[in-house]
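*Asks:* Take this structure first; my questions come after.
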């Protein structure tokens with residue numbers, strides 16, 4: 001009530017009291033909402049593959065042998081025009097559909113062959129089945145020279161395998177389709 005005592009002679013107080021009594025809030029027409037979004041990156045690089053499609057040949061499923069990498073073919077991932085100088089721990093993340101056949105193999109769900117997939121190896125020399133197969137949980141560290149990762153060529157091989165003896169016993173012919181994605185990331 002002290003507000004009423006002090007405001008009896010003032011016209012402005014009458015308006016103030018009326019607004020307070022009605023508890024007026026702005027209408028929806030007086031309110032605007034502005035949403036903000038942004039995508040921040042540590043940098044970018046241009047990736048180029050020396051091959052956009054690899055034909056791993058035609059092989060009889062019955063010729064696939066356990067613990068064997070068939071017809072491994074080389075390819076390179078070139079990294080250039082990077083804008084990430086000074087950023088630490090750049091990596092290439094590997095991703096793609098596949099399954100474990102003693103070792104990880106890449107194969108899309110559209111593959112008609114059974115228990116046969118593409119084994120991917122990060123190597124400059126022809127690999128064997130004993131080589132370390134890459135899987136979607138793998139990262140490849142990039143070499144920094146003077147804080148820059150520009151102008152690198154990462155060597156890879158891809159070949160067919162049916163895995164171990166148990167998996168190969170169940171191999172069936174058909175088309176093997178596989179896709180691998182290489183993504184720049186930072187640890």
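*Asks:* Once Rh for the range 134-187 is found with the Kirkwood sum over Cα pairs, what is the Stokes-Einstein diffusion coefficient at 4 °C and 1.567 mPa s, in µm²/s?
*Replies:* 87 µm²/s
*Asks:* Another question, if that's okay. Extension gain residue 164-residue 185, at 0.36 nm per residue separation less the Cα-Cα distance, in nm?
*Replies:* Once the chain is fully extended between residue 164 and residue 185, it gains 4.3 nm.
*Asks:* Could you work out the relative contact order of the range 63-181, using alpha carbon pairs under 8 angstrom and six or more residues apart, expressed as a whole percent?
*Replies:* Result for the range 63-181 is 46 percent.
*Asks:* Going by average Cβ density within 10 Å per residue, which order do the peptides 109-119, 44-54 take, highest to lowest?
*Replies:* Those peptides, ordered most packed to least, come out 109-119, 44-54.
*Asks:* At q = 0.11, 0.14, 0.17 Å⁻¹, work out log10 I(q)/I(0) for the range 67-160 with the Debye formula, treating every Cα as an identical point scatterer and leaving solvent out; two decimals please.
*Replies:* -0.38, -0.58, -0.78
Bear in mind these aren't lab numbers, they're just calculated from the coordinates by the rules spelled out. The structure displayed is predicted, hence computed values, not measured ones. Reconstructed Cβ throughout: ideal geometry from the backbone, glycine too, with neighbour counts over all protein chains shown.
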